[in-house]
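A short write-up of the structure that comes next.
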Amino acid sequence: MSRKKQVLVACGAGIATSTVVNNAIEEMAKEHKLSLDIQQIKISEVGGYVDTADLLVTTAMTKKEYTFPVINARAFLTGIGVEDTKKQILDELIK
Amino acid sequence: MSNLNFDESLILKDIEARTKEEVIGMMANNLIEKKLVKESYRNAVIQREQDFATGLPTAGVSVAIPHTDIEHVNQKAISIGILKEPVLFEIMGDSETTPVKLVFMLAMDEEHSQLELLQRLMQIFQDADFLMYLSNETDKTKIKEKVTAQLDFSLKGGE
């Protein structure tokens with residue numbers, strides 16, 4: 001069995017926006033029967049996951065370059081372009 | 001879990017400001033006066049906004065959700081600021097700015113505990129007509145009632 005993909009969900013504080021995004025990704029995982037390891041963290045904590053993460057979904061701006069893809073999650077908050085964002089995330093997860 | 005503080009006194013209308021720092025300062029000072037947050041909250045929110053912007057372009061008027069860590073908060077509260085003229089906020093996760101008309105300042109006292117409230121807030125952001133209504137309504141009691149109904153939370157002292 002392949003390893004669960006690890007998805008980091010991050011915002012600046014780890015309180016407000018990532019909670020909403022975290023839930024949206026859990027729903028997606030359920031809907032598509034994906035088994036994921038979702039970690040809700042602060043953006044400052046991403047460094048601790050560089051070896052294990054497969055994807056970072058964040059509402060905060062990231063200036064750093066990572067070895068895994070980064071997807072902006074603002075759409076989950078405003079509803080604008082949310083289907084595109086979901087598709088981007090799914091494409092990464094079923095690779 | 002404590003109840004959320006939200007009433008007419010936390011709705012600030014016709015805010016006249018030129019910068020996001022001024023807007024945040026006014027709204028934070030109001031929360032400080034009511035002892036809902038600590039003195040440190042104001043600068044913490046301003047700093048947070050500089051590091052991690054919260055401006056959100058929507059299908060209607062742009063909004064912002066300034067907030068900070070729980071250590072600066074005494075009691076959970078939400079404050080709504082309606083700006084007379086839009087003020088530029090940086091867009092969340094972006095380097096661009098957006099002219100913000102409505103500010104929803106969050107004072108959270110527990111991490112990760114506000115999912116339902118936040119989701120309902122996001123539903124408001126996806127309702128262009130409702131955002132337009134909030135921008136133009138002059139009666140704070142009506143604003144309070146409509147927002148409360150949308151958020152569907154039980155107010156302090158309520159049932």
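The values are calculated or read from the model by the stated rules, or taken from the named source; none is laboratory data. Because the structure is a prediction, the values reported are computed rather than measured. Positions of Cβ are backbone-derived with ideal geometry, glycine not excepted, and every protein chain shown enters the neighbour counts. Quick note on the areas: whole protein, heavy atoms, side chains included, nothing else; ligands and nucleic acids left out. Shrake-Rupley method; radii C 1.70, N 1.55, O 1.52, S 1.80 Å.
Each residue was assigned an accessible area with a 1.4 Å probe, and for residue A:86 the value is about 60 Å².
Our helix-only sum for chain A, with -39,500 (n - 2.57) per DSSP H run of n ≥ 4 divided by its residues, gives a mean residue ellipticity at 222 nm of -9500 deg cm²/dmol. Length gained on full extension, residue A:83 to residue A:95, computed as 0.36 nm times the residue gap minus the Cα-Cα distance: 2.5 nm.
Beyond 18 Å between alpha-carbons counts as too far, so tell me which of A:5/A:87; B:38/B:144; B:38/B:101; A:4/A:63; B:13/B:101 fall in that bin. Kindly include the intermediate steps, with their values, before the conclusion.
Values: A:5/A:87 16 Å; B:38/B:144 24 Å; B:38/B:101 26 Å; A:4/A:63 27 Å; B:13/B:101 11 Å.
With Cα atoms farther than 18 Å apart: B:38/B:144; B:38/B:101; A:4/A:63.
Sum -39500 (n - 2.57) across every DSSP H segment of at least 4 residues in chain B, then divide by the residue count to get the 222 nm mean residue ellipticity, nearest 500.
Numbers: 5 runs with 58 residues, N = 159.
After summing the helix terms and dividing by the residues of chain B, the value is -11000 deg cm²/dmol.
Within the same chain, lysines fewer than 8 places from residue B:34 are excluded, and of the rest, those with a Cα less than 17 Å from its Cα are B:76, B:156.
Helix hunt in chain B: which complete DSSP H runs extend at least 18 Å axially by C-alpha with mean Kyte-Doolittle at least -0.5? Intermediate values should be presented prior to the final figure.
Values: long enough: B:20-33 (20 Å, 0.06).
Those that pass (Cα extent of 18 Å or more, hydropathy at least -0.5) are B:20-33.
For residue B:59 and residue B:148, FRET efficiency with R0 = 30 Å and r from the beta-carbon atoms, rounded to 0.05?
Working: r = 23 Å, r/R0 = 0.76.
The calculated FRET efficiency here is 0.85.
Taking the inverse of the mean 1/r over every pair of distinct Cα atoms in region B:8-154 gives a Kirkwood hydrodynamic radius of 15.1 Å.
Over all distinct Cα-Cα pairs of chain A, the Kirkwood formula returns a hydrodynamic radius of 13.2 Å.
Overall, region A:5-93 carries a charge dipole of about 200 debye about its Cα centre when +1 sits on the Cβ of Lys and Arg and -1 on the Cβ of Asp and Glu, all other atoms neutral.
Out of every Cα pair in the protein assembly as shown, what percent are spaced more than 27 Å from each other?
Details: 11110 of 32131 pairs.
Percent of Cα pairs beyond 27 Å in the protein assembly as shown: 35.
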